[in-house]
Amino acid sequence: MQPRHDQPRSPRRRSLACAFIVLFAAGTPALTRAQDDRKTATTRDVISFGVLGAKLQSRIDAAQLGEGVGVSVIDLQTGARVIEHRADALLNPASNQKLITAAVALIELGPAFRMRTGLYGQIEGDRVRGALVLRGFGDPTLRSADLVDLAQELVARGVRSVDEVVVDGSYFDDKVLPPAFEQQPDEVAPFRAAVAAMSVDENAYTLRVTPGPAADAPARVSLEGEGYFAITNQIATRAGPPNVVAVQATKGDRLSLSLSGSVPPGIGMLSYRRRVEAPLEYAGHVLIDALKALRVQVPRRVRIATTPKGLPLLATRMSPPLASILPSLGKDSDNFVAEMLWKTIAAERVRQPGRSEDATAFVLDVLKRRGVTTEGMTLINGSGLFNGNRVSAGQLSALLASMHGDSAVRAEYIAHLAIGGVDGTLVNRLQATEPRVVRAKTGTLNDVIALSGYVRGPRPEQAFAFSVLANGVGGKQQIARALADQIAVDLAQHLWRSQAR
């Protein structure tokens with residue numbers, strides 16, 4: 001079944017009390033301020049939270065999901081723990097891992113951080129002498145149309161021929177498969193895309209198939225970066241439902257693609273999206289296609305190499321700012337973007353080439369500096385895909401509280417999350433809550449359901465950070481998802497029913 005994109009106990013940390021900050025407003029995340037607020041909490045508030053905690057516990061008990069459920073809720077106004085049900089249990093967070101990736105990217109790189117993609121080389125007359133270098137710096141948003149734009153910039157400089165196309169991905173290491181992705185070695189769907197510093201179209205290609213001009217004629221096949229593929233096309237034009245079979249395998253520096261089956265006459269174009277095995281080679285061939293379309297003479301082969309610094313920059317493309325990229329994680333649960341950012345953190349803050357292992361060590365250090373206990377925490381990749389990461393609900397709620405208390409990144413962090421009943425992976429969930437009250441990240445694997453984020457109250461100072469992690473729920477995913485949603489609903493109802501206080 002395809003994953004969807006989406007121990008030891010640790011001591012409680014008093015630093016969670018630093019979470020008092022007005023949502024989307026300036027504030028001072030000082031520990032003393034939160035402690036003062038806690039001291040002035042009214043008896044009614046304490047009793048109310050006791051009732052709320054008991055209500056949430058009854059929900060957990062009724063779900064009967066066993067020992068694999070961890071729940072943590074923090075009142076962000078006072079720093080009080082509303083409930084801690086196995087909050088220290090180290091569990092697979094699934095795509096809730098992206099909460100950590102997004103947080104550290106914002107903290108360390110900043111909301112305005114951008115990634116460059118450039119063409120480099122020496123122009124002599126109307127020719128790029130020697131190598132035309134396509135060099136990437138981890139931009140996960142680059143599309144084939146952007147390479148067309150770069151090619152047009154080159155032509156605008158008068159270039160009409162290129163000696164050689166070289167792709168330089170040395171900003172990252174050469175391990176294109178993120179940790180744990182080997183657990184499904186035969187999966188070719190794009191959710192398991194490879195990762196490289198020079199990547200295009202999220203390292204997935206689109207196979208387009210249209211019927212031939214007559215019955216029994218071969219179907220037509222088209223692909224971008226066509227030189228990357230070694231295609232055997234045996235798709236026939238035949239009456240009946242479409243039935244396209246594509247078998248791919250690495251063949252040297254190309255991708256062997258054996259196509260069979262049939263498509264009916266008169267049908268429109270059919271599209272199939274699959275992962276690329278060798279991202280650097282594919283990007284080079286997409287660039288070659290773009291240059292050929294502009295009538296630039298260019299060789300058919302691509303060379304992969306680390307090239308010297310100091311080559312003249314001939315054309316460049318900058319990514320959108322990080323704050324605009326992060327909704328791909330929080331709202332859409334994009335595994336590829338998460339893994340690209342994971343390695344970018346390593347490349348920018350540890351050393352180049354960026355490695356997943358370096359990101360792991362660095363991220364754990366950042367979390368410690370933020371006052372989040374990392375005891376027992378295991379991080380192996382940035383997306384949460386497959387089995388390997390281990391995080392507790394208490395650790396996630398503490399991170400959420402810390403981010404909420406940081407005025408430098410709070411607004412961007414909250415904005416990147418899905419809005420209950422409105423967008424992203426929550427568009428069809430939590431629709432009964434007050435509008436735009438729940439901002440959260442979902443998580444789904446075969447036996448994992450997760451939901452962590454914020455519930456906002458009617459006044460800016462009223463908010464909860466919550467995390468629900470449920471492991472071992474294969475066959476009970478609907479029950480686990482309903483539990484997570486109900487906890488968020490209960491928190492929202494508590495805040496909004498108390499608005500008259």
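The values are calculated or read from the model by the stated rules, or taken from the named source; none is laboratory data. Everything quoted here is computed from the prediction, not taken from an experiment. Backbone-built Cβ (ideal geometry, glycine too); neighbour counts: all protein chains shown.
A few points about this structure:
- Single match in Gly261, Gly212, Gly227, Gly266 (criterion: modelled with pLDDT of 95 or more, farther than 28 Å from Val337 by Cα and either in contact with a helix residue (DSSP H, G or I) (Cβ under 9 Å, 6 or more places away or on another chain) or part of a loop (DSSP other than H, G, I, E, B) (or both)): Gly212
- If the condition is being more than 17 Å from Ala411 (Cα to Cα) and of a type in the set (Lys, Arg), then the range 454-489 contributes Lys476, Arg481.
- Scanning the range 413-430 for residues that are closer than 16 Å to Gln97 by Cα and part of a loop (DSSP other than H, G, I, E, B) yields His416, Leu417.
- Qualifying positions in the range 290-309 - part of a helix (DSSP H, G or I) and crowded, with 21+ Cβ neighbours inside 10 Å: Ala290, Leu291
- Lys55 meets each of the listed conditions (1) in contact with a Ser or Thr (Cβ under 8 Å, 6 or more places away or on another chain); (2) modelled with pLDDT of 95 or more apart from (1).
- Residue in the range 444-490 that is farthest from Leu396 (Cα to Cα), counting only those that are aliphatic (A, V, I, L, M) and in a helix (DSSP H, G or I): Ile479
- For the range 364-387, the candidate set comprises residues that are under 19 Å from the mean Cα position of the chain (by Cα) and among the hydroxyl-bearing types (Ser, Thr, Tyr); within that set, the residue that is surrounded by the most Cβ atoms within 10 Å (Cβ to Cβ) is Ser383.
- Some residue of the range 354-362 being more than 26 Å from Glu182 (Cα to Cα), in a loop (DSSP other than H, G, I, E, B) and either of a type in the set (Gly, Ala, Ser) or at pLDDT 95 or above (or both): no
- Being closer than 30 Å to Ala180 by Cβ, in a loop (DSSP other than H, G, I, E, B), among the small types (Gly, Ala, Ser) and under 26 Å from the mean Cα position of the chain (by Cα) is a condition met by no residue of the range 241-252.
- Among the candidates Pro185, Pro179, residue that is assigned to a loop (DSSP other than H, G, I, E, B) and either more than 18 Å from the chain's Cα centre (by Cα) or in the same structural domain as Thr444 (by TED's automatic domain parsing) (or both): Pro185
- Some residue of the range 401-412 being more than 19 Å from the chain's Cα centre (by Cα), assigned to a loop (DSSP other than H, G, I, E, B) and closer than 21 Å to Asp334 by Cα: no
- Scan of the range 256-279 for residues that are of a type in the set (A, V, I, L, M) and either within 14 Å of Ser222 (Cα to Cα) or surrounded by 15 or more Cβ atoms within 10 Å (Cβ to Cβ) (or both), ordered by number: Leu257, Leu259, Val263, Met269, Leu270, Val276, Ala278
- Leu270 among the hydrophobic types (A, V, I, L, M, F, W, C) and closer than 30 Å to Gln297 by Cβ: no
Results for (1) farther than 28 Å from Thr360 by Cβ; (2) crowded, with 20+ Cβ neighbours inside 10 Å; (3) hydrophobic (A, V, I, L, M, F, W, C), shown as yes or no for each residue.
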| position | (1), (2), (3) |
| --- | --- |
| Asn389 | no, yes, no |
| Gly394 | no, yes, no |
| Glu412 | no, yes, no |
| His416 | no, yes, no |
| Asp423 | yes, no, no |
| Ala440 | no, yes, yes |
| Leu445 | no, yes, yes |
| Val455 | yes, yes, yes |
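- Looking across the range 192-218, the residues that are among the charged types (D, E, K, R), on the phi > 0 side of the Ramachandran plot and surrounded by 15 or more Cβ atoms within 10 Å (Cβ to Cβ) come down to Asp201, Glu202.
- Tabulated pairs, the range 322-347, first at positive phi, second at pLDDT 95 or above and buried (at least 24 other Cβ atoms within 10 Å of the Cβ), C-beta under 7 angstrom, 6+ apart or interchain: Ser333/Ser95; Ser333/Lys98; Ser333/Thr442
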